[in-house]
Structure formats: C-alpha cells, structure tokens
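The values are calculated or read from the model by the stated rules, or taken from the named source; none is laboratory data. Quantities reported herein were computed from a predicted structural model and do not represent experimental measurements. Using ideal geometry, Cβ is built from the backbone for each residue, glycine included, and neighbour counts are taken over all protein chains shown.
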Amino acid sequence: MNFIPETIVRALCWTLLHSLWQGLILAIIAGVVMLLTRRASSSTRYSILGILIIGFLAVSGYTFIRQFQTPEIAVSPLVRQSTPASGDIGGATGWSQQQQPGQTNLVEQLVQYFNAHAAVVVVLWFIVFLARFVKLLSGLVYAQRVRHYKTNPVPSQWQERFVALLQRLRVTRPVQLLESALVRTPAVVGWLKPVILVPVGMLAQLAPDQVETILLHELAHITRRDYLFNLVQHVVDTLFFFNPALLWVSSLIRTERENCCDDVAIRETRSRRQLIEALVSFHEYRQSTPAYAVAFADDNGVVKRVERIVHKRNHSLNAGERLLLTVGILLLCGAFITINGGTPPQPPSPPRAPMAPDTVKLHIIPAVPAIAPVPPAPVPAVPAPHRPTPAIPAAPAAPAAPADTDKPATQADSADIDLIIKAHDHGVTPEYMAELKKLGYSVSLNQAIKLVDHGVTAEFLQSLQKEGFGAIALGKAVKLMDHGVTTEFIRQVRALGYPDLTLDDAVNLADHGVTAEFMEKWKTKTGSKLSLSDYIKLRDAGIDPS
C-alpha cells in the first residue's frame, strides 16, 4: 500500500470501522420504522428505508472526509474530551502524551492498534471487495447475455395484450416482452431499455389472467425504476459486505419492493386470488436468474407475501429480529458508557465557572504575571472597657479562603498554571500554536511541548505538505526529526531520480548514513541509477565510490 498516501489508508480504515456502529444505529432506526409503520402502505415503508440507506452512505462519506482532513484519528464521535491532553498525536506510531500508569483503557489500546495496522485492515477489505466486485460485474454481463441470447418474441396475441397493459399503466418508454430459454422465472433486465423475460412455454401453460398479473407485477418494477436502485443496493452491499446490520436493512428493502409491486398488481386486477395463484405457481422455480435482474418470486419469501396478501397487513419484526435489535441497543449503550466513562473521575468543580480545557489548549501566555498576596482583612478595633466607642465600619474584606471542598479545584488550577509555565519554559509560544492550527493540527500543551522538544517546527510540517505528503501524523514528523530527515534531503534524493520516495524510505536511508552526496557520487561513477537498497548495502559495507 506504499503507492497510496498514508492519510487515505487511515481514513478508509476508520471509515470502515465507524460504519459498524453507524450500521447498528441504521438497523435500530429501521426496526423502529418497521414497528411503527405496520399499517402504512408498502411504498411508504420502502421510501423510508431507501432514505435511510442513502443517509447511511452520506454519513459514511462525511466520515471519510472528516478522517482524511483530521491528522489525528479520534476514537469515535461519541468520545468525550474530558482532559486538556486526551489525544494521541502519534497516529500510527503510537506516541501519546504523558499518562499515569494504568490509565490506558481498552478503547485507547484499540485506537493505537488500528492506527498501526490500518494498512492491513484496508488490504483485507480490498481483497474481499475486489472479489465481490468482480462477481457483481460478471452478474451484469450475464444479465446482458440473457437479454440477447436464446430469446424469441412472444406470440402476436400476447404482444397485443402486453401493449394494452402498457397503456393501462401509462408506460411511455419502450418495453419489450421476450421468451427466454435461460430463465425459469419472469424477470426484468435493463433500465434505459427494459426487457421482460418470461420462460419458454409459460404463456401457454398458465391461465391468461395469471400471466397478466405477473406482467403487471413486472411492469410495476419498470414504472418504479426498481432496476436502478436494485443495482445501487448491490454496490452498497459489495462495499459494506462485512456489515450485517446494513445487509439486514437491505433485505428489508428488497422485501418491501416486491410488496409494492404486488400492491400495484392487485390494484390493477382487483383480484388478490390471481396474484396468490401466480405466486404459488412459481414457487417451484428457484433463483436461476441473475441477482442483478428484478425477478418475480425470486426469493424464499413467497409464503410471507401470500400471508400478507391474504391477511391484508404488513409484516413486522419477528421474535428473533426483535431480540437482535434489543441486543444491538444494549451493545450501543454499553459502548457509549464505556467510551465516555473510561476516564478517571474528576474532583468536584468549584461553584465558580471553571476554566475550559480548550482555553488551556489554544491560549498560551508567554509569562505568568506575579500574583500579589491577598491582604488580610482589617480587624475591627476592640472597644476599651472604660469608654465605649462606636464601631468603625470595616473595609471590604478580601474573598474568604475556599473551604476544604474547594481544594481539589484549587489544585487543578495550580496544575493548569504549572502547565502554562512549563510550556513557556520549553519555548511554546502562541504564534507556534496558531501556526500549527493553521496547518490543520489542534494539539494540547503537552503535545506542543513534545513537538518543540523534538524540534518539529511549523515550517518543517509546511514544507512536507509542499512536497506532497499532506498533513502527516505528528508522530511521523517526530520520527523524521529524530532520525535527521529534512525536506532538503528528501528534495535532493528525489532530484536524483527517485520521485516516489516515501517518508519511511527516507528514514531508512538516514539510519544507514546514506546521504545525497553519497548517492550522487555513485551515480556519477557508475553512470546508472542504483536501487535504494543497493545504496544501503554499499554504505553498510563501507565501500566508497572511489
């Protein structure tokens, strides 16, 4: 995965991981919709479920963009930032801020693990995705083959009745009705020029009323443009093949799609019995048509469709589905509590307004002004026993010292002051923080101190972005500085004929003492360009070009 930028790989990895809990929320919402719309029409349920799928895609796209633009990978949008230095600027390197022993919880360990193994996750996903995508393309090719191979026009009398059905449903686009020797159940193939394929001999074996009901069902797919959305569903299922919640919602959409077309057929024929007889007649046919065509009775839910038509009511969730949704809700709540409750409890806040963590992160003063001692409150004069004098009103007293309950807050404020002083001593300035923020990095004081200690400047990060590396993880920048890799070195090596030089390659060269001058001398001596590994071998062996 060296040919793909690290930021894209990490963003894709976290998008796939976030889609698991996002899909769980999608399934919970879809389950609620199925429970609340038991008396609604099938078209209403189908539209709502379709909107949920589109919303899921939009959220996944937003997640990818968000992760791509953020150099630091967050645990989840549900995570609460409870301390000023709760992030990990190390990215894939696992370099984090100072922590007390035992404070690293399971969530942080998982974040560090997936940051370090993002490429492995993406490679495994891509292998399975590629296999399923090839299967998707082969299904589309097979659908086109079925459309043009071993097909014959239907008899003239059925062609006339088919034209009458087109006028009945007000279908203005050209639609063909063909007999096919490759299908055993009626199916619709194509979107721009749709074709209805029926098995050879079906028109002669079934009653004309049943055939008309079947054709009305298939024409309903065409008028509703179900073939296009069915194709989109297969693409989504291919992208998120690992997401069981999304696949379940997708199956609900397919069921409601068939119910919608059944309702159209019943409305036009005004006979439920004809549709039931047609469904029963085709129950013996199994899934022989391509999955990318919209087929009549192409699933194992024929019995449920018959029950729905007979009882005139929509199906709700069965006991198993309700149990799984309940478990999903409990898991989601447990994850939310675990993520937000993983930090140690903080001492109680004082009654006054506390200083927000972001104030400590973003605003740094170069020096702390001296704090003047609070003068003690003047003590009222004690009247003499022999001559009472009127009480002299005391001057306004200074604020009383906080009670014992305020001591933890006072200590926390002292810790913030100490952190500001420490940042100033290490050379962290407001201008440095502003430059980092302008480059897309939002860091805490502890993180800024570590960056300054390792010599990571804003100019260095900006020069790396100009070289085409983008907003790299700050831990990677620290690693480059620690190994003595500069942008000038990267620029010189690229000028020698290595435009695809990666940061890891640069670190490897620097570790072995390979300089640009060393490489240029060998290139001049040999007249050819060596590989980077050859330069490392020559340097390790101590062989000079002379």
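Taking the numbered list (1) in contact (Cβ under 8 Å) with a residue 24 or more places away in the chain; (2) more than 27 Å from the chain's Cα centre (by Cα) in turn, Pro499 passes all entries but (1). Condition first: of a type in the set (Gly, Ala, Ser), closer than 29 Å to His424 by Cβ and not in a helix (DSSP H, G or I). Now tell me which residues in region 444-495 satisfy that. Answer for region 444-495, where residues must be of a type in the set (Gly, Ala, Ser), closer than 29 Å to His424 by Cβ and not in a helix (DSSP H, G or I): Ser444, Gly455, Ala471, Ala473, Gly484. Taken across region 182-204, residues that are over 16 Å from Tyr227 (Cβ atoms), of a type in the set (Val, Ile, Thr) and over 43 Å from the mean Cα position of the chain (by Cα) do occur, with at least one present.
Residue by residue, here is whether (1) without any contact (Cβ under 8 Å) to a residue 60 or more places away in the chain; (2) touching a Phe, Trp or Tyr at 6+ places or on another chain (Cβ under 7 Å); (3) under 27 Å from Ser444 (Cβ atoms); (4) among the β-branched types (Val, Ile, Thr) holds:
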position: Thr457; (1), (2), (3), (4): yes, no, yes, yes
position: Asp482; (1), (2), (3), (4): yes, no, yes, no
position: Ile490; (1), (2), (3), (4): yes, no, no, yes
position: Ala516; (1), (2), (3), (4): yes, yes, no, no
position: Thr526; (1), (2), (3), (4): yes, no, no, yes
position: Ser533; (1), (2), (3), (4): yes, no, no, no
position: Arg539; (1), (2), (3), (4): yes, yes, no, no
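For region 122-147, the candidate set comprises residues that are among the aliphatic types (A, V, I, L, M) and without any contact (Cβ under 8 Å) to a residue 60 or more places away in the chain; within that set, the residue that is nearest to Val189 (Cα to Cα) is Val141.
Results for (1) over 29 Å from Arg225 (Cβ atoms); (2) among the hydrophobic types (A, V, I, L, M, F, W, C); (3) at pLDDT below 80, shown as yes or no for each residue.
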{"residue": "Leu252", "(1), (2), (3)": "no, yes, no"}
{"residue": "Arg272", "(1), (2), (3)": "no, no, no"}
{"residue": "Tyr292", "(1), (2), (3)": "no, no, yes"}
{"residue": "Ile309", "(1), (2), (3)": "no, yes, no"}
{"residue": "Leu330", "(1), (2), (3)": "yes, yes, no"}
{"residue": "Asn340", "(1), (2), (3)": "yes, no, yes"}
{"residue": "Pro344", "(1), (2), (3)": "yes, no, yes"}
{"residue": "Pro347", "(1), (2), (3)": "yes, no, yes"}
{"residue": "Pro354", "(1), (2), (3)": "yes, no, yes"}
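Among residues of region 125-153 being among the aliphatic types (A, V, I, L, M) and closer than 18 Å to His221 by Cβ, the one that is surrounded by the fewest Cβ atoms within 10 Å (Cβ to Cβ) is Leu140.
Against the definition (aliphatic (A, V, I, L, M), buried (at least 19 other Cβ atoms within 10 Å of the Cβ) and touching a residue at least 40 places away in the same chain (Cβ under 8 Å)), how does Leu177 come out, yes or no? Taking the combined requirement at face value, the residue does not satisfy it. If the condition is being of a type in the set (A, V, I, L, M) and within 21 Å of Thr502 (Cβ to Cβ), then region 530-546 contributes Leu530, Leu532, Ile536, Leu538. Which one is surrounded by the most Cβ atoms within 10 Å (Cβ to Cβ), of the residues in region 497-524 that are among the polar types (S, T, N, Q) and in a helix (DSSP H, G or I)? Of everything passing the filter in region 497-524, Asn508 is surrounded by the most Cβ atoms within 10 Å (Cβ to Cβ). Selection of region 416-447 for residues being of a type in the set (A, V, I, L, M, F, W, C) and farther than 25 Å from Ser463 by Cα yields Ile417, Leu419, Ile420, Ile421. Annotation note: of Val493, Val452, the sole residue that is closer than 17 Å to Asp511 by Cβ, in contact with a helix residue (DSSP H, G or I) (Cβ under 9 Å, 6 or more places away or on another chain), of a type outside the set (Lys, Arg) and in the same structural domain as Gly440 (by TED's automatic domain parsing) is Val493.
Results for (1) at pLDDT 90 or above; (2) closer than 30 Å to Asn243 by Cα; (3) not aliphatic (A, V, I, L, M), shown as yes or no for each residue.
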{"residue": "Pro101", "(1), (2), (3)": "no, no, yes"}
{"residue": "Val120", "(1), (2), (3)": "yes, yes, no"}
{"residue": "Trp125", "(1), (2), (3)": "yes, yes, yes"}
{"residue": "Leu137", "(1), (2), (3)": "yes, yes, no"}
{"residue": "Val146", "(1), (2), (3)": "no, no, no"}
{"residue": "Thr151", "(1), (2), (3)": "no, no, yes"}
{"residue": "Ser156", "(1), (2), (3)": "no, no, yes"}
{"residue": "Pro186", "(1), (2), (3)": "no, no, yes"}
{"residue": "Leu206", "(1), (2), (3)": "no, no, no"}
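Given the structure, is Lys479 surrounded by 17 or more Cβ atoms within 10 Å (Cβ to Cβ), within 22 Å of Pro5 (Cα to Cα) and within 31 Å of the chain's Cα centre (by Cα)? So Lys479 passes the test.
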